[in-house]
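Working notes, beginning with the structure itself.
The values are calculated or read from the model by the stated rules, or taken from the named source; none is laboratory data. Everything numeric in this text was worked out from a predicted model, so none of it was measured. No Cβ is skipped: glycine too gets one built from the backbone with ideal geometry, and neighbour counts run over all protein chains shown.
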Amino acid sequence: MSEAGYWDLFERASRAVRRAELAEAETVFLEACRETRREGLARLVDRAYCNWAAIRIERGTLSGIRQGLSRVLGGSEDPRARQLAAYYLAALYQDRGRLRIMRFYAETSSRLAESTGDGRPAAAHLLGLNAVREGRLPDAIRSFRHAISLSHDLPQHAAIAMSTLGYCLSLKGARDEGRRLLEESLAALRALDCSFYEPALRLNLGFAELELGEPDMALNQGLTVLELPTYRDEGKFARYLVGEACAQQGHEREAGEHFDLLQKTYYPQHPDLTEILLLYRTHRFLNWLA
């Protein structure tokens, strides 16, 4: 296989990701791993592995991934592969809630991106997500604005960063700018036919609408997400969003049904959760990105 053959596989897998067909993407990226290794394409072997590892992280199949990414970060001769490895190690530790380690790898990814010129918007966005999770909202807003400034030729990255920025601005009380960014980013993403990121952008908008006192609109976003393919914790947060929106509308029975599903599916160890969520309006204590 030539380098051109690798990039054909890369584009096939990337299209599958955009369509939220992660099983297909994983299969194609794995084929790229095998072919680059068989053909001795040293510059691309580690990149192919990082792309495959990224899909495994999204699908929650993590066995051996940390060790493999650490090997690439510490030993690859390709700077872009090292940058990708640091980025996905940060994503891995984000999922595990290890925020200091996440920040270390996010900062490493950002430094490598600056030196290579590749991956700068995604690295800036990742630093922003780390800041959100650590409760540093002003730092997060700066990082997301920086990510947007780097994304002028990357409309997908721009849409994602605009949405996350819009949600953070809504938490800070900047309602007009926040809503504008949230609505524009979702429209831009849908025009790109990139359904993989649609649940996250709709959750950003839905939780912002709770902050704005518009539970009917938040309910619509949550119900839409529940109809979409979701990964990581998006389905969990969509279920909470729907239940909370129903509760704010005074529809206690419907809220209880959704909170029951939330409790039984995700929190079986907390049998009193539905009662608590019906008694108290908890959305103001919840930042879904954190």
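Observations on the model:
- Of all residues in segment 232-290, those satisfying the criterion of being touching a helix residue (DSSP H, G or I) at 6+ places or on another chain (Cβ under 6 Å), aliphatic (A, V, I, L, M) and within 28 Å of Arg136 (Cα to Cα) are Ala238, Leu241, Val242, Ala245, Leu277, Leu289, Ala290.
- Meets criteria (assigned to a helix (DSSP H, G or I) and either more than 22 Å from Ser70 (Cα to Cα) or at pLDDT below 95 (or both)) for Ser143: yes
- Looking only at residues of segment 21-43 that are modelled with pLDDT of 95 or more and aliphatic (A, V, I, L, M), we find that the one that is surrounded by the most Cβ atoms within 10 Å (Cβ to Cβ) is Ala32.
- Of all residues in segment 45-79, those that are on the phi < 0 side of the Ramachandran plot, of a type outside the set (S, T, N, Q) and within 21 Å of the chain's Cα centre (by Cα) total 16.
- Any hit, segment 153-174, residues being out of contact with any Leu (no Cβ under 7 Å at 6 or more places or on another chain), over 20 Å from Leu126 (Cα atoms) and either of a type outside the set (Asp, Glu) or part of a helix (DSSP H, G or I) (or both): yes
- Pairing residues of segment 220-249 that are more than 27 Å from Arg56 (Cα to Cα) with residues that are modelled with pLDDT under 95, at Cβ distances under 6 Å and at least 6 apart in sequence or on separate chains, gives Glu244/His283.
- Taking the numbered list (1) closer than 19 Å to Ala290 by Cα; (2) modelled with pLDDT under 95; (3) touching a Lys or Arg at 6+ places or on another chain (Cβ under 7 Å) in turn, Asp118 passes all entries but (1).
- Candidate set from segment 268-284 (those that are charged (D, E, K, R) and surrounded by 11 or more Cβ atoms within 10 Å (Cβ to Cβ)); member that is modelled with the lowest pLDDT: Arg281
- Filter result for Gly222 (at pLDDT 95 or above and closer than 24 Å to Ala188 by Cα): yes
- Index of the failed condition, Cys168 passing every other in (1) under 15 Å from the mean Cα position of the chain (by Cα); (2) under 17 Å from Glu234 (Cβ atoms); (3) modelled with pLDDT of 95 or more: (2)
- Enumeration of residues in segment 204-245 that are surrounded by fewer than 24 Cβ atoms within 10 Å (Cβ to Cβ), over 26 Å from Asp193 (Cβ atoms) and in contact with a Lys or Arg (Cβ under 9 Å, 6 or more places away or on another chain): Glu211, Leu212
- Residue in segment 185-195 that is among the polar types (S, T, N, Q) and crowded, with 24+ Cβ neighbours inside 10 Å present: yes
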